[in-house]
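Novice: Pasting in a structure now, in structure tokens, and then I'll have a few things to ask.
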Amino acid sequence: MTDELTGRVAFVTGAARGIGLSVATALNQRGADVALADVDLPALETATRSLGDGALAVEADVSRQDDVRRAIERTVEHFGGLDILVNNAGICPLRGFADVTEEEWDRVLDINLKGAFFCCQVALPHIQKSGERGRVVNISSVAGQSGGVLAPIHYSASKAGLIVMTKTLARMLAPDRATANCVAPGTTATDLTDAWAEELRERVRAAIPLGRLGRPEEIAEAVCFLVSDKAAFVTGATLDINGGLFIR
Ligand SMILES: NC(=O)c1ccc[n+]([C@@H]2O[C@H](COP(=O)([O-])OP(=O)(O)OC[C@H]3O[C@@H](n4cnc5c(N)ncnc54)[C@H](O)[C@@H]3O)[C@@H](O)[C@H]2O)c1
């Protein structure tokens, strides 16, 4: 427990479980007030209760502009501002190239990329007002950097889009001394990867030079660094947390 983020307000999407919940927990343990946003209300309420004081559950489907606006406005009203946005909500349907339907392409891009854009659109004025405490962190993926056999094409495209969107945001926020960065996890042990067949998970594990899947807490540590004062001069960057799965 530290208080390095005391007085800051964070909004984390996809926070009911997995990486999002680890991020929300880590920010809260460092003193931040945190709004946890998710579509899965029962899981969201349980997750929010697991945090300390200063946690707020806000139900929102990030692909719906009205939901996003309502959730962020509620956060600002409740906590009195917004300094940190973590765009983490995402889905990754494992689908072969030929089997991706137009509907599924749209759903993946709507949640993973358009959802992050909607959140930025509503949150940015508040983050700009926060000045040098203002932070955007987008959770991309190794799939958005190197593609790869396993990563479905719509998922990879959405995650690559997040990386370039972050660079644009970094330039937009710079005059206010606020920053925007990406974290690109490699395969990380969450419900998302637990849903895979054991054989598939083992194949991926074997391809990771450090010989194991990542842990959600390790992704959360990277986010905590990027939102801290220590990272005030880091912007437009993508931080790789992948056990060597992709080395630049
Ligand atoms: N787990 C991995 O191996 C891995 C690797 C690289 C990147 N990522 C990325 O990290 C992020 C989190 O992944 P995870 O493994 O924790 O996933 P997860 O499936 O465990 O959790 C994702 C959460 O997002 C929520 N969500 C889904 N659609 C939503 C929507 N429309 N609006 C709001 N919330 C929504 C879900 O309800 C869930 O609580 C995702 O963006 C994912 O692409 C994960």
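A quick yes/no check of all residues on (1) without any contact (Cβ under 8 Å) to a residue 40 or more places away in the chain; (2) charged (D, E, K, R); (3) within 12 Å of the ligand (Cβ to nearest atom):
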site	(1), (2), (3)
Ile153	no, no, no
Ser156	yes, no, yes
Thr166	no, no, no
Pro185	no, no, yes
Ala189	yes, no, yes
Trp196	no, no, yes
Arg201	yes, yes, yes
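Novice: List every residue pair whose Cβ atoms lie under 7 Å apart, where the two residues are 6 or more positions apart in sequence or sit on different chains, the first residue falls within segment 70-88 and is over 12 Å from Val122 (Cα atoms) and touching a residue at least 40 places away in the same chain (Cβ under 8 Å), and the second residue, located anywhere, is among the charged types (D, E, K, R) and surrounded by 17 or more Cβ atoms within 10 Å (Cβ to Cβ).
Specialist: Every condition considered, the pairs that remain are Phe79/Asp33; Asp83/Arg8; Asp83/Arg133; Asp83/Arg135; Ile84/Arg8; Ile84/Arg135.
Novice: A follow-up question, please. Among all residue pairs at least 6 apart or on different chains, which show Cβ distances below 6 Å where the first residue, located in segment 130-144, is closer than 14 Å to Thr166 by Cβ and the second is within 11 Å of the ligand (Cβ to nearest atom) and in a loop (DSSP other than H, G, I, E, B)?
Specialist: So the pair list comes out as Ile139/Asn88.
Novice: Could you check Val23 against (1) open to solvent by less than 10 Å² (accessible area, probe 1.4 Å); (2) closer than 23 Å to Pro185 by Cβ; (3) in contact with a Ser or Thr (Cβ under 8 Å, 6 or more places away or on another chain) and say which number it fails?
Specialist: The single condition Val23 does not satisfy is (3).
Novice: Let me ask you something else. What is the residue count in segment 122-167 for residues that are in contact with a strand residue (DSSP E or B) (Cβ under 9 Å, 6 or more places away or on another chain), among the polar types (S, T, N, Q) and in a helix (DSSP H, G or I)?
Specialist: Count: 3.
Novice: Taking into account only those residues within segment 89-107 that are within 13 Å of the ligand (Cβ to nearest atom) and in a helix (DSSP H, G or I), which is least open to solvent (accessible area, probe 1.4 Å)? Give the steps one after another, and end with the answer.
Specialist: Going residue by residue through segment 89-107, those that are within 13 Å of the ligand (Cβ to nearest atom) are 89-94, 106-107.
Add one more test, that the residue is in a helix (DSSP H, G or I), and what stays is 106-107.
Numbers: Asp106: 68, Arg107: 128 Å².
The selected residue is Asp106.
Novice: Further question on the same structure: Of all residues being in a helix (DSSP H, G or I), within 22 Å of Gly81 (Cα to Cα) and without any contact (Cβ under 8 Å) to a residue 40 or more places away in the chain in segment 25-44, which is nearest to the ligand (Cβ to nearest atom)? Just the residue, please.
Specialist: As a first pass, look at segment 25-44 and keep what is in a helix (DSSP H, G or I): 25-29, 41-44.
Then drop every residue that is not within 22 Å of Gly81 (Cα to Cα), which leaves 25-29, 44.
Narrowing the set further to residues that are without any contact (Cβ under 8 Å) to a residue 40 or more places away in the chain leaves 28-29, 44.
On the way: Asn28: 17, Gln29: 18, Leu44: 8 Å.
Ranking the candidates gives Leu44 first.
Novice: Give me the residue from segment 45-55 that is open to solvent by 10 Å² or more (accessible area, probe 1.4 Å) and modelled with pLDDT of 95 or more and, out of that set, farthest from the ligand (Cβ to nearest atom).
Specialist: Keep residues of segment 45-55 that are open to solvent by 10 Å² or more (accessible area, probe 1.4 Å), which gives 45-46, 48-55.
Within this subset, residues satisfying the condition of being modelled with pLDDT of 95 or more are 45-46, 48-51, 54-55.
On the way: Glu45: 12, Thr46: 11, Thr48: 12, Arg49: 15, Ser50: 13, Leu51: 15, Gly54: 20, Ala55: 15 Å.
Among those residues, the one meeting the criterion is Gly54.
Novice: May I pose another question? Output yes when any residue across segment 120-136 is within 19 Å of the chain's Cα centre (by Cα), away from the ligand (no atom under 15 Å from the Cβ) and basic (Lys, Arg), and no when none is.
Specialist: yes
Novice: From the list Ala206, Ala170, Ala220, which residue is surrounded by 19 or more Cβ atoms within 10 Å (Cβ to Cβ), more than 11 Å from the ligand (Cβ to nearest atom) and part of a helix (DSSP H, G or I)? Show your work before the answer.
Specialist: Numbers: Ala206 fails: surrounded by 19 or more Cβ atoms within 10 Å (Cβ to Cβ); Ala220 fails: more than 11 Å from the ligand (Cβ to nearest atom).
Only one candidate passes the filter, namely Ala170.
Novice: May I ask you to list the residues in segment 55-80 that are over 21 Å from Ala32 (Cβ atoms) and of a type in the set (Ser, Thr, Tyr)? Walk me through how you get there before you give the answer.
Specialist: Of all residues in segment 55-80, those over 21 Å from Ala32 (Cβ atoms) come to 61, 63-67, 69-70.
Selection gives Ser63 alone.
Novice: On to the next question. Within segment 64-88, can you find the residues that are open to solvent by less than 30 Å² (accessible area, probe 1.4 Å), in contact with a helix residue (DSSP H, G or I) (Cβ under 6 Å, 6 or more places away or on another chain) and either farther than 18 Å from Val136 by Cβ or within 15 Å of the ligand (Cβ to nearest atom) (or both)?
Specialist: Val68, Ile72, Leu85, Val86, Asn87, Asn88
The values are calculated or read from the model by the stated rules, or taken from the named source; none is laboratory data. A quick note: this is a predicted structure, and the numbers were derived from the prediction, not measured. Please note: Cβ atoms are built from the backbone with ideal geometry, for glycine as well, and neighbour counts cover all protein chains shown. Heavy atoms of the whole protein, side chains included, go into the accessibility calculation; ligands, DNA and RNA do not. Shrake-Rupley method; radii C 1.70, N 1.55, O 1.52, S 1.80 Å.
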